[in-house]
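In what follows, a single structure is set out as structure tokens and then discussed.
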Amino acid sequence: MKPKVAFFDFTSCEGCQLNKLNLENDLLDILKHVEIVEFREAMDDKADAYDIAFIEGSISSPSCVERIHDIRRRSKILVALGSCAVNGGVNAMKNLQPIDEVRETVYGEDKYLFATLPAMSVSSIVKVDYEVRGCPMTQQDFLKLLVSLVLGKQAPRYDSPVCVECKLSENECLYNRGMVCLGPITRGGCDAICPSFGQFCTGCRGLLDEPNYIGMLEVMTNHGISLDEAKKRMLLFNSNEVQL
Amino acid sequence: MSQDLNIKVHHLTRVEGHGNIVVNMKDGVLEKAHLSIVEPPRFFEAMMKGRSFHEAAIITSRICGICSLGHQITSLVATEDALGLEISEQTELLRKLLVNGATLQSNVLHAYFLAAPDFLKVGSVFPLIATHKDVVLRALRMKRLANDIGDIVSGRAVHPITPVPGGFTRIPEKSELVELKRRLLEEALPDGIATIETMKSLAGAIPQFERETEYISLKHPDEYALYQGDIFSSDSGAQDVHNYLDVTNEFIVDHSTSKHARFNRSSYFVGALARWNNNHTQLVPEALEAAEAMGLKPNCYNPYMNTIAQVVEAVHVIFDSVRIIDTLLEKGLKNEKPNQTPTRYGRGIGSNEVPRGILFHDYTYDKKGSIVEANCIIPTGQNLANIDDDMKKLVPEIIAKSKEEITADLEMLVRAYDPCISCSVHMLDVDFIE
């Protein structure tokens, strides 16, 4: 029997889901091996239980917390999909400011109408079995994990910095081109796509297990930005992870 | 149907984001008919504070995956306006090509994957793989090509990489553009023509409903405005984008985490149908022929026809993309560096037409190039009041139908706007209260 697969979105941009619909060349083949039973962005159907539940987005409101508990209870395997689900992603930047101030900036005196919590990773609320990192998650990463799960195998975990793949791609270091790049502390697995297109690494795949913060800040400040600005850059996708 | 009606659609499907439809009629009097937006708030305006101009577009692209290119380009325009960064003609052409690609991808996604299942009375595109395989494959091909425009020119269609303030971090190769042009002519064009035929055959399923409203879009003197122009209202004419706050007049309602907007009336329409009504004479002749074939006429007051206007635009952007590539190749691609040396600081406004309508980004920078204040006004947010007004007119007109049919018509109405709730916050459930 084909595994029953479902996709759920929480606080996010739904770009990771879109990236699945953008698997135009593989979509029909994927459907031969799994049965998609719930995918609100693309279909009406709903189901009671799932073999694999893919979760996109951060947990950032009381109703999100209830919903993720409910999905976890009904899922055999639960996968966090993309940066928002894995560590809070850009959403977690709001956690750096007092919550009342944040609500007031956007909703003014009507702030009390809208409940909000700090933006949290899925794993801070329920058990997460696997993760697909990145903002957005890459289609290759997603396919690799899906194939492993369908075959009943363990999926590999990547723990080398983006710089490794950047060097393998024979890119010139962006620091030599006057940019400030987070490659040295960021978990790779993305083929260094941003540096390969001439843009600095934003840290979207999260931090290495043991990031060298001091070294990173030293490199950044040596290349012309203030310590304050360097810290901010580090926090862009990793406000919930960085420990300074 | 009795004189009492309660509908609640919780987390409407086949739309981007989370919304509920709530309708409540008692003794024949409509008490409530609205789209309730329940997407968790995301607070981007607050997160932008203190961020460098290098990061602004990276952050705002994450407002929405489907509209990431639109947010990114609009963000760049706002930053360049604030910091006085001039861009080259090549940068502008490449951006217009990207905007065309994003419009093609989004309009095709909506017409085939999100709206067409309504016309064929199925719950998603997946059953259509068995019954209409050639049509699904065509839709996938068109989407792939549109996404390839994004991948080639911007590095990645979802959350693009290369567009930065002042230009691009990488310029595409000549050979890549030549190949894109070939595929646009040999693949996209025949697929586009076949799409017109498909939509023509489905047009009978489009509900007959009309409500004339105010239509707002950009307008450009020289072209069908998608990238920059003046704000144009069908009620009161043109004005500079810097006056956008006079147009949007956002207000908060308790049934929506997304703010609503109004200008000359209680609501206004943005998106493909507004662009069609305001600017149809500037479309390429082939797009005008497509409109005629599918029964879309100026001016059209049926919101369900928004999907058809999107297909018309898909035809337009295929031809326009070929024209842009020809111009780029004729002028020769130059390996330009982005212009990132600010000449001033202060406030800047960016506005573009993204697939779902007119989008505004408004940033104020300090002299270090950090954001002091940010405001983003999103097309779906601007459409919410108009959707509510449509529902209030529609429900009494179709009250003789069964509850299931009414619910289906309401869901289809909301989907026709191609709402993007992640953007507006996120969107859709229908509540019939009984």
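The values are calculated or read from the model by the stated rules, or taken from the named source; none is laboratory data. Not measured: the values here are computed from a predicted model. Cβ: placed from backbone, ideal geometry, glycine included. Neighbour counts: every protein chain shown.
Just checking, does the stretch A:165-181 include any residue being β-branched (V, I, T), closer than 20 Å to A:G82 by Cβ and either surrounded by fewer than 20 Cβ atoms within 10 Å (Cβ to Cβ) or not assigned by TED's automatic domain parsing to the domain that holds A:A80 (or both)? Please lay out each step first, then the result.
Residues of the stretch A:165-181 that are β-branched (V, I, T), as a first pass: A:180.
Then drop every residue that is not closer than 20 Å to A:G82 by Cβ, which leaves none.
No: zero hits.
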task = Select, from B:F232, B:F209, the only residue that is touching a Pro at 6+ places or on another chain (Cβ under 9 Å), more than 13 Å from every other protein chain (Cβ to nearest Cβ) and not in a helix (DSSP H, G or I).
result = B:F209
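Would you point out which residue out of B:R183, B:R138, B:R144 is part of a helix (DSSP H, G or I), within 29 Å of B:G295 (Cα to Cα), touching a residue at least 40 places away in the same chain (Cβ under 8 Å) and within 14 Å of chain A (Cβ to nearest Cβ)? So that I can check it myself, show each step before the final result.
Values: B:R183 fails: touching a residue at least 40 places away in the same chain (Cβ under 8 Å); B:R144 fails: touching a residue at least 40 places away in the same chain (Cβ under 8 Å).
So the residue among B:R183, B:R138, B:R144 that is part of a helix (DSSP H, G or I), within 29 Å of B:G295 (Cα to Cα), touching a residue at least 40 places away in the same chain (Cβ under 8 Å) and within 14 Å of chain A (Cβ to nearest Cβ) is B:R138.
Within the stretch A:201-213, is there a residue that is part of a helix (DSSP H, G or I) and not aromatic (F, W, Y)?
As a first pass, look at the stretch A:201-213 and keep what is part of a helix (DSSP H, G or I): A:213.
Filter again for not aromatic (F, W, Y), leaving none.
Scanning the stretch A:201-213 turns up no residue that is part of a helix (DSSP H, G or I) and not aromatic (F, W, Y).
For the stretch B:49-90, give me the residue count where each residue is within 10 Å of another protein chain (Cβ to nearest Cβ), outside any helix (DSSP H, G or I) and not β-branched (V, I, T). I'd like the intermediate steps shown before the answer.
To start, the set of residues in the stretch B:49-90 that are within 10 Å of another protein chain (Cβ to nearest Cβ) comprises B:49-52, B:54-55, B:58-68, B:71.
Restricting the remaining residues to those that are outside any helix (DSSP H, G or I) gives B:49-52, B:54-55, B:62-67.
Next, from what is left, pick out any that are not β-branched (V, I, T): B:49-52, B:54-55, B:62, B:64-65, B:67.
Residues in the stretch B:49-90 being within 10 Å of another protein chain (Cβ to nearest Cβ), outside any helix (DSSP H, G or I) and not β-branched (V, I, T): 10 in total.
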Number of the condition not met by B:L93 [criteria: (1) more than 25 Å from B:H11 (Cβ to Cβ); (2) more than 11 Å from chain A (Cβ to nearest Cβ); (3) buried (at least 22 other Cβ atoms within 10 Å of the Cβ)] = (3)
task = Quick one: in the stretch B:113-135, of everything that is facing another protein chain (nearest Cβ under 8 Å) and outside any helix (DSSP H, G or I), which residue is farthest from B:T198 (Cα to Cα)?
result = B:G123
request  = Check the stretch B:171-193 and report whether any residue there is crowded, with 23+ Cβ neighbours inside 10 Å, within 24 Å of B:Y417 (Cα to Cα) and out of contact with any Phe, Trp or Tyr (no Cβ under 6 Å at 6 or more places or on another chain).
outcome  = yes
key: Qualifying positions in the stretch B:221-275 - in contact with a strand residue (DSSP E or B) (Cβ under 6 Å, 6 or more places away or on another chain), of a type in the set (G, A, S) and under 30 Å from B:K32 (Cα atoms)   = B:S233, B:S234, B:S256, B:S258, B:G271, B:A274
query = Pick from the stretch A:1-17 the residues that are closer than 27 Å to A:K153 by Cβ and outside any strand (DSSP E or B): which of them is farthest from the other protein chains (Cβ to nearest Cβ)?
reply = A:M1
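Anything in the stretch B:235-247 that is of a type in the set (A, V, I, L, M) and in a helix (DSSP H, G or I)? List them, or say none. Talk me through it step by step, then tell me what you get.
In the first step, residues of the stretch B:235-247 are kept if they are of a type in the set (A, V, I, L, M); the result is B:238, B:241, B:245, B:247.
Residues satisfying the conditions are B:V241, B:L245, B:V247.
Looking at this structure, is A:E35 surrounded by fewer than 21 Cβ atoms within 10 Å (Cβ to Cβ), of a type in the set (D, E, K, R) and either at pLDDT below 95 or on the phi > 0 side of the Ramachandran plot (or both)? Steps first, please.
Details: surrounded by fewer than 21 Cβ atoms within 10 Å (Cβ to Cβ): yes; of a type in the set (D, E, K, R): yes; either at pLDDT below 95 or on the phi > 0 side of the Ramachandran plot (or both): yes.
Taking the combined requirement at face value, the residue satisfies it.
Condition first: among the hydrophobic types (A, V, I, L, M, F, W, C) and closer than 25 Å to B:I63 by Cβ. Can you find one or more residues in the stretch A:202-217 that meet it?
Applying the first criterion (among the hydrophobic types (A, V, I, L, M, F, W, C)) to the stretch A:202-217 yields A:204, A:207-208, A:214, A:216-217.
Retained after the next criterion (residues that are closer than 25 Å to B:I63 by Cβ): A:204, A:207.
Within the stretch A:202-217 (the criterion being among the hydrophobic types (A, V, I, L, M, F, W, C) and closer than 25 Å to B:I63 by Cβ), the answer is yes, since at least one residue qualifies.
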ask   = Looking at the stretch B:126-165, which of its residues are among the polar types (S, T, N, Q) and under 20 Å from A:D26 (Cβ atoms)?
value = B:N147
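May I ask you to verify whether A:A47 is out of contact with any Cys (no Cβ under 7 Å at 6 or more places or on another chain) and either more than 12 Å from chain B (Cβ to nearest Cβ) or modelled with pLDDT under 90 (or both)? If you could, list the steps in order and put the result at the bottom.
Numbers: out of contact with any Cys (no Cβ under 7 Å at 6 or more places or on another chain): yes; either more than 12 Å from chain B (Cβ to nearest Cβ) or modelled with pLDDT under 90 (or both): yes.
When the stated conditions are applied, A:A47 passes them.
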ask   = Any idea which of B:T364, B:T281 is surrounded by 15 or more Cβ atoms within 10 Å (Cβ to Cβ), of a type in the set (S, T, N, Q) and modelled with pLDDT of 95 or more?
value = B:T364
task = Working only within the stretch B:96-108, note down all residues that are under 20 Å from B:G332 (Cα atoms) and either crowded, with 24+ Cβ neighbours inside 10 Å or not basic (K, R) (or both).
result = B:L97, B:L98
query = Inside the stretch A:29-57, can you point out the residues that are of a type outside the set (V, I, T) and in a helix (DSSP H, G or I)?
reply = A:D29, A:L31, A:K32, A:H33
task = Considering every residue within the stretch A:58-71, establish whether at least one is at pLDDT below 90, of a type in the set (S, T, N, Q), surrounded by fewer than 16 Cβ atoms within 10 Å (Cβ to Cβ) and part of a helix (DSSP H, G or I).
result = yes
remark   = Conditions (1) among the small types (G, A, S); (2) buried (at least 22 other Cβ atoms within 10 Å of the Cβ); (3) in a helix (DSSP H, G or I) -> B:A157 fails only (3)
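One line per residue, one yes/no per condition, for (1) modelled with pLDDT of 90 or more; (2) not in a loop (DSSP other than H, G, I, E, B):
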site	(1), (2)
A:T105	no, yes
A:K111	no, yes
A:L117	no, no
A:L146	yes, yes
A:Q154	no, no
A:R157	no, no
A:K167	yes, yes
A:C181	yes, no
inquiry  = Yes or no: the stretch A:75-88 includes at least one residue that is in a loop (DSSP other than H, G, I, E, B), outside the structural domain of A:R205 (by TED's automatic domain parsing), more than 30 Å from B:A46 (Cβ to Cβ) and more than 15 Å from the chain's Cα centre (by Cα).
reply    = no
task = State yes or no: is B:K200 in contact with a helix residue (DSSP H, G or I) (Cβ under 7 Å, 6 or more places away or on another chain), surrounded by 16 or more Cβ atoms within 10 Å (Cβ to Cβ), in contact (Cβ under 8 Å) with a residue 40 or more places away in the chain and basic (K, R)?
result = no
request  = Look at B:I152 and say whether it is within 11 Å of chain A (Cβ to nearest Cβ) and not in a helix (DSSP H, G or I).
outcome  = no
query = In the stretch B:98-124, how many residues are at pLDDT 90 or above and touching a Ser or Thr at 6+ places or on another chain (Cβ under 6 Å)?
reply = 3
